[in-house]
1. What GluC sites (Glu not before Pro) does region 385-487 have in DSSP loop regions with at most 15 other beta carbons within 10 Å?
2. May I ask you to give the percent of accessible area on region 397-527 that is carbon plus sulfur, with a probe radius of 1.4 Å?
3. If amide hydrogens are placed 1.01 Å from N in the peptide plane, which non-local residues have theirs closer than 5 Å to the one on residue 507?
4. Students often get this wrong: which residues of region 404-433 have the backbone nitrogen under 14 Å from the point 7 angstrom along Cα-to-C-beta of residue 458?
5. Multiply the residue separation of residue 347 and residue 321 by 0.36 nm, subtract the distance between their alpha-carbon atoms, and state the gained length in nm to one decimal.
6. What is the gain in length, in nm to one decimal, between residue 604 and residue 194 on full extension, counting 0.36 nm per residue of separation less the C-alpha to C-alpha distance?
7. Residue 579 to residue 543: extension gain in nm, 0.36 nm per residue of separation minus the Cα-Cα distance?
8. If amide H atoms are built 1.01 Å from N in the plane of the peptide, which residues on other chains or at least 5 residues away come under 5 Å of the amide H of residue 560?
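The values are calculated or read from the model by the stated rules, or taken from the named source; none is laboratory data. Treat the numbers as computed from the prediction; the structure is a model and nothing was measured. Positions of Cβ are generated from backbone atoms using ideal geometry, with glycine treated the same way; all protein chains shown enter the neighbour counts. Areas reflect the complete protein model, heavy atoms only, side chains present, ligands, DNA and RNA absent. Shrake-Rupley method; radii C 1.70, N 1.55, O 1.52, S 1.80 Å.
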Amino acid sequence: MKNWKKVLLALLLSGCLFLPARAAEKTMAGDPSLYMSDSAKALLMPSPASSHGKINEAGTSSLGVPNPEKAQEAAKKKSYTPAQKANYDALRKENGGVLAPKERFITTTAPAIVLTFGGLTRPESVEDMLDYLDEKGLKATFFVTELELRKYNSTISEIISRGHELGLGLRTSLDGDYYETCAQIERLRKKMKKQYGISPSIARQIFGKEMDTVNEACHAMGVHLLSQTLNGVQTKDKEAKSAEDIFPHLFGARTYSMGRGQIIYMRLDYLNEPLICSKLLDLIYKNKIDNIAYRSLSDTPETNPSNDSAYRLVTAGDLVYDETHAWSYPVDMSQVPYDLQPSTKPASVDDRNFEREFGKRYIGSPDVHDKDTMRGFPVNIAKHIDKTGTIHGAKERTVFFTFDDWGNDESVNHLLYVFRKHHALGNFFIITRNVKNNPNLLRAIALEGHLIGSHTNSHRPMVGQTYGGISSRPMTDEEYREDIEKAYEELAKTVGDVKVNGRYALTRLFRPPTLAISYSGTKSIMNAGYTYIVNGYDSTHDYAAPTLQAMVGAITHGLYDEKGNVRTGAVMVMHMSDNAKFTPLALDYLLTVNEQRSDDDPKKFIPARLDDYLVDGYSQSDETGNDSDFEKNLKYKGCCG
C-alpha cells in the first residue's frame, strides 16, 4: 500500500500500536507488518468504505475502527500555533543549523556509567526495577513520553519520589518535522513543570527515524539528545525466559567491561517476562561494571576507604551537567601547542642524514637483532644499532614502566589505580584504532599525569612476521605513513590539550609493534614528526604470564641486574590489554615493597616518565645521553647570534 508509513505513524501516535524502541527505525525502512497484530495488519488493507461505518473527524468509524485515509489526514494536522511556529523559526535562525549530537556516550572523565530507562506502560516492571535500584543504592534517568504523562501519573510520581531523574521521551514524526519536534519538547516540558515541578533538558528519541531536523530542533530548544552504548532490551529477546538467556549476546567477545560516560538503556515494557529487566541489569553490573574496580587480597573498595577504583551508576544529568569532568571531543586544535599539532612536521630525514638521526633517536632492545625483528638496514648501520634498551644518562636507579596496546576500562583502570595509590607515573603507548569508541578512557589516563605515545593505529609491524604458521604482510611505505600519521592525529584530538603539573601528556614518542623495525619504516616514523623510537630492555610478555608469581619474576628480571642492583635507565615493556591480568597486581606488590625501602637502598627504584630525558638534545648514540654536536651547534648559534 502506497501510504503505509503515514498510516502507521497515525496508529502509533494514537496509541493503537507500539513498536520496540530499537526496531522502530528498521520498521520505518522495511515492512511494518513484522511488528503488527493481525487486526492491525487488516487496517492497512483496502476495504469498502461501508465496512467502517460512519467516519468521524479523528478518522475513527462508529464501529471504533480507525480509517487509514482519515487517520492519515488527522496526522497532518499541526500540533502548534502560528505564534509557536514563529518562535521556533526565531530559535532556528539563532541556532544557525547546529545539530545536537545523538550521544552514544557522554564525554567525561568521571568514573561513572549512565543508567536510563523507557517504556513505563507496565507498572509492575517499573516497580520491580525501582526496588532493585533502591536495594543497590543506584539512581537512573527515566524517559517519559506524552502518552505516559497522560496515563501513568502514579508510576511517574513513584519514580520521582524515589529520587530518580525524568527525561523527555520523544516520539517524532516520519519526516522528522522540525516544528513538530519543537512543539513536542515544549509540551512535554510544560506538562512536567505543571505536574511535577521539573523541566528536563535531556531527551531520548523513543520512536522515529533519525533525521537531522530532529537533532536541529533539540539543539535549538537547548536539549541534550542521548542514545545508548548498550541496548539491554532487544527485539530478538522478546520471548526470553530469563536474564541468562539474554546476557551472553549483549557484549562482544572482547568487551570485558563498560566504560566511563557510557550509557545503558533498557525498555521496561517490551519483554514478555515482566520482571526480567532488573535481573538482567544485575548481571550487567556484576560482570561488566563491578569488575572495573581494583581488588587484591589486601585492597578492595569494600575494605579500603582510600580505594577509589570503583565506577558508579548515575543519572544522565549527573554527567551532562558535571563541568569538572566534562570535555569536548575532538579537542579544539587551537588549544594544542604548536609543536604538538599534527600539521607541525620537522626537517625531513633521508638517506644522507638517516644514520645520524636514527642513531640519536632510536632506543633499542636486546631482543631486536634478526631478520624477523630488523630488516632493510645497510650493514654499516645495522652493526651499530642500539641494543641496550636503556635511557642513557638517566638518574641513578631511575626506571621506566611502559604499557602497550589498548584495553577496556577494567584493565586500564586497575593500572591507573595502582599508579595513583603509589604516587608514580607510567608511559602509555596507544593503538588508536578503537580510541574513538572510548576516548574518555584515554583522556583519563592523560589527566592522571601519565605520558601518552603512539603504538600505531592498526598494530601492523614494520617487518613481516610468522606466528603459528601464519605469515603477515608488512604494509607498503605509503600505507605505513598513513597509519602512523592517523595514529598521532587521533591522540592529538583526544589529549592534545591535556597539561598536568606544567607538562603536556601527549608526546611524539613511538613504540614499534612487536618491537620490530625496518629501514624504511623508521625513516617514515621520523618524517611523520615522531621524535624518538622507543623499544626497551625487557619485554615481560605479561599477556602470557600464567601466574602472579611469574609476573612478579618477569618484572624483577628487567628491573635488577645480576648483582641485584637496579638497572638504571631500564625501559620495561608491559601491556595495558585485558589479557595482561596479572600486571597491575604485580606492580602493586613491587611498588609496595619498594616504598618500604630506605632512599639510599640500592634496590629502591624510581619510576619516571620517558620525556624527563627524551627531549631535544638527547642522543642515544652518546653514552651520557647528550648530543655533543647539538651542544656545539647551540654554542655556535649563541656566539654568532
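1. Details: sites: 396, 410, 448, 478, 479, 482, 485; in loops: 396, 448.
Passing both the DSSP loop test and the Cβ count: 396.
2. Details: 1990 of 4120 Å².
The computed percentage sits at 48.
3. Under 5 Å from the amide H of residue 507: 452.
4. The answer is 432-433.
5. On the way: separation 26, 0.36 × 26 = 9.36 nm, distance 4.48 nm.
My answer for the length gained is 4.9 nm.
6. On the way: separation 410, 0.36 × 410 = 147.60 nm, distance 6.62 nm.
Between residue 604 and residue 194, full extension yields an extra 141.0 nm.
7. Numbers: separation 36, 0.36 × 36 = 12.96 nm, distance 0.51 nm.
So the chain would gain 12.4 nm between residue 579 and residue 543.
8. 567
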